[in-house]
Each structure stands twice: as C-alpha cells, then as structure tokens.
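Right, one structure below, let's go through it.
The values are calculated or read from the model by the stated rules, or taken from the named source; none is laboratory data. What you are looking at is a predicted structure, and each value in this text was computed from that prediction instead of being measured. Methodologically, a virtual Cβ is constructed for each residue, glycine included, from the backbone with ideal geometry; neighbour enumeration extends over all protein chains shown.
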Amino acid sequence: MHIQLKNRRAIVTGSTAGIGLAIAQGLAATGAHVVVTGRTQARVDEALAAIRTHVPNASVSGIAGDLGTREGAEQLIRQEPDADVLVNNLGIFEPKPFFDIPDEDWQRFFEVNVMSGVRLSRHYAQGMAKRGWGRIQFISSESGVQIPAEMVHYGTTKTAQLAISRGLAETLAGTGVTVNAVLPGPTRSEGVGDFFGKIASEQGVPQETVERDFIATHRPSSLIRRLATVEEVANLCVYLASEQASATTGAAVRVDGGVVRSMV
C-alpha cells in the first residue's frame, strides 16, 4: 500500500514532540503539507528542523500558540483557514489522586484535552464537508476506556474525545469526511519518558526497569509487555488520514498493545 497525500493540507496539534511530532513527520513523508503547532516558536522551529532532517524536501510550516484557549484556536484558524486533515493530538496528563484534584485542574484538562479539538473540528469540518473530503482524528487513549485510578481527570477527558469523535462522524455522514478516535496504550513519548526518567533517577535504577515495572503493575493486560513507540502510533494515524481509509469512520481504533481486553 502506497499512501500519497500530495496537495493535502494537514494540521497536527501538539506536534513539537512525541506522538504529535511522529504523526507530523509521517504525514510529511506522504507528500502532505503539514502545519506543526506548539506553545513556543522555539519548540516549533525545532520540530520543523527535525522533520526536514528525516523527510528531505518536506513541505512544512509552523504556528506557535496556546491551543488550550479559545484565543489560541482563533489565532490558528486565522492563519490557517482551511485543512484537509486535522489531527487533534494536543493533550496533557498528570498522575494525581482523585481527592487531590481541584476544580481548576479538571477545568484545565478539559480545556486542553477536549475543547481544543472541539473548537478546531467545529471550524475545519465545515470546509471539509463543502469540499467533499476530509479526515479528522482525535488522539484519545486506552485510558478513555479503562479509566486509570491514578489520573481520573485525564481518563475522563479521553472518554469525552471518544464521544465527540463518534458524534461528529454521525454529523458528517455521507459527506466524504471521516472522523475517528485513536487509542494509544502506554507510549514512550517525550512526556512519558521524562516522567519515567524522573522516577528512575529518584530510585537509582535504569529507566527500562521503571517502564517494565509500570507495565507489569499498572497495565498487566498488555500483550506486547512494553511501551509502544511513537512511530507505531503514528503509522496508524497516517493510514487513517489516507485515501485508502475511506470506509473507516466513527471508529475507536486501538494501538494499545492489547491493553484493553474487551473485543468491542
């Protein structure tokens, strides 16, 4: 299968590192023009340089701003009014006991993880429908199905993304626009790597040990028995953005290493 997205314009939110950067790089390799987004210009510039290193002659541009706010979303829309592919990857996570999560944290997680995708999808989906082609993805998580006790607020936002994705797919039925949610499992992204690295440093053990213990203790149903790579997640996202994925919509597609045990 050869995926070709030349002449398509793709926006990937939260794409200066981790899964988002891998998705942006994968889409650039298909010939799409990719818009990278991040909170600071320095991070955006680093990401653009990294993509160009791995994908010579990549067509990429970048926009800095806080997409976890209405103002940030409006700024992106002003600068990039149209897109053929929208990957709502922006997200934050933070382990914290339920009884210690204040209202402010719940609101912050909802704004960043949920409303960023809502605002952008509300705008870009309409143009896609008028043109008769488009791809929208919400990067959710297996935590949206199996809510982790150590970060209920995060899991709740990931469940919300599943509902929005399905509802938007229903709204866009018959338009040529597909909407899907992607459910990664534990993945060695920059944020996760930093988190495990800090624990490893505090305990004086190799990071690989911390990662292995986490899988064994907190995700024992994993069938691959390891963290996924960001490239493994990105590969699925690139496929869902392709012409070949035209019949896949309204789905919650897993790349979770088998963590979720249910068959449906």
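For the reader, a short list of remarks on this structure follows.
- Apart from one condition, Ile147 fits all of (1) free of Cβ contacts under 8 Å to residues at least 40 places away in the same chain; (2) over 19 Å from Leu67 (Cβ atoms); (3) in a helix (DSSP H, G or I); the exception is (3).
- Taken over the stretch 1-14, the criterion of being closer than 18 Å to Asp82 by Cβ and not β-branched (Val, Ile, Thr) is satisfied by Leu5, Lys6, Asn7, Arg8, Arg9, Ala10.
- Qualifying position, being within 30 Å of His123 (Cα to Cα) and either touching a residue at least 24 places away in the same chain (Cβ under 8 Å) or not acidic (Asp, Glu) (or both), among Ser221, Ser189: Ser189
- Sub-6 Å Cβ pairs linking a first residue in the stretch 108-126 that is under 16 Å from Gln79 (Cα atoms) to a second residue that is acidic (Asp, Glu) and surrounded by fewer than 24 Cβ atoms within 10 Å (Cβ to Cβ), at least 6 apart or interchain, number zero.
- Cβ pairs under 8 Å, 6+ apart, first in the stretch 229-252 and more than 13 Å from Leu27 (Cα to Cα), second of a type in the set (S, T, N, Q) and part of a loop (DSSP other than H, G, I, E, B): Val230/Ser189; Ala252/Ser140
Here's the yes/no breakdown for (1) surrounded by 20 or more Cβ atoms within 10 Å (Cβ to Cβ); (2) more than 12 Å from Ala252 (Cα to Cα):
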site: Gly132; (1), (2): no, yes
site: Glu150; (1), (2): no, yes
site: Thr157; (1), (2): yes, yes
site: Ala163; (1), (2): no, no
site: Glu170; (1), (2): no, yes
site: Asn180; (1), (2): yes, no
site: Thr187; (1), (2): yes, yes
site: Gly204; (1), (2): no, yes
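- Looking only at residues of the stretch 28-47 that are of a type in the set (A, V, I, L, M, F, W, C) and buried (at least 19 other Cβ atoms within 10 Å of the Cβ), we find that the one that is nearest to Gly132 (Cα to Cα) is Ala32.
- Residue count for the stretch 228-245 under the criterion of being among the hydrophobic types (A, V, I, L, M, F, W, C) and out of contact with any Gly (no Cβ under 8 Å at 6 or more places or on another chain): the result is 5.
- The C-beta contact set for the stretch 1-25 (first residue more than 11 Å from Gly62 (Cα to Cα), second residue among the acidic types (Asp, Glu) and assigned to a loop (DSSP other than H, G, I, E, B), distance under 7 angstrom, 6+ apart or interchain) comprises Arg8/Asp84; Arg9/Asp82; Arg9/Asp84; Ala10/Asp84.
- Leading residue by the ranking (farthest from Gly193 (Cα to Cα)) among those in the stretch 223-252 that are crowded, with 18+ Cβ neighbours inside 10 Å and among the β-branched types (Val, Ile, Thr): Thr249
- Condition check for Thr157: in contact with a helix residue (DSSP H, G or I) (Cβ under 9 Å, 6 or more places away or on another chain), under 19 Å from Ile139 (Cα atoms) and in a helix (DSSP H, G or I): yes
- Scan of the stretch 155-190 for residues that are of a type in the set (Lys, Arg) and at pLDDT 95 or above, ordered by number: Lys158, Arg166
- Per the conditions (1) without any contact (Cβ under 8 Å) to a residue 60 or more places away in the chain; (2) over 14 Å from Tyr124 (Cβ atoms); (3) among the polar types (S, T, N, Q), the sole criterion not satisfied by Gln79 is (2).
- Restricting the stretch 100-122 to residues that are under 23 Å from Glu150 (Cβ atoms) and among the aliphatic types (A, V, I, L, M), the residue that is surrounded by the most Cβ atoms within 10 Å (Cβ to Cβ): Val114
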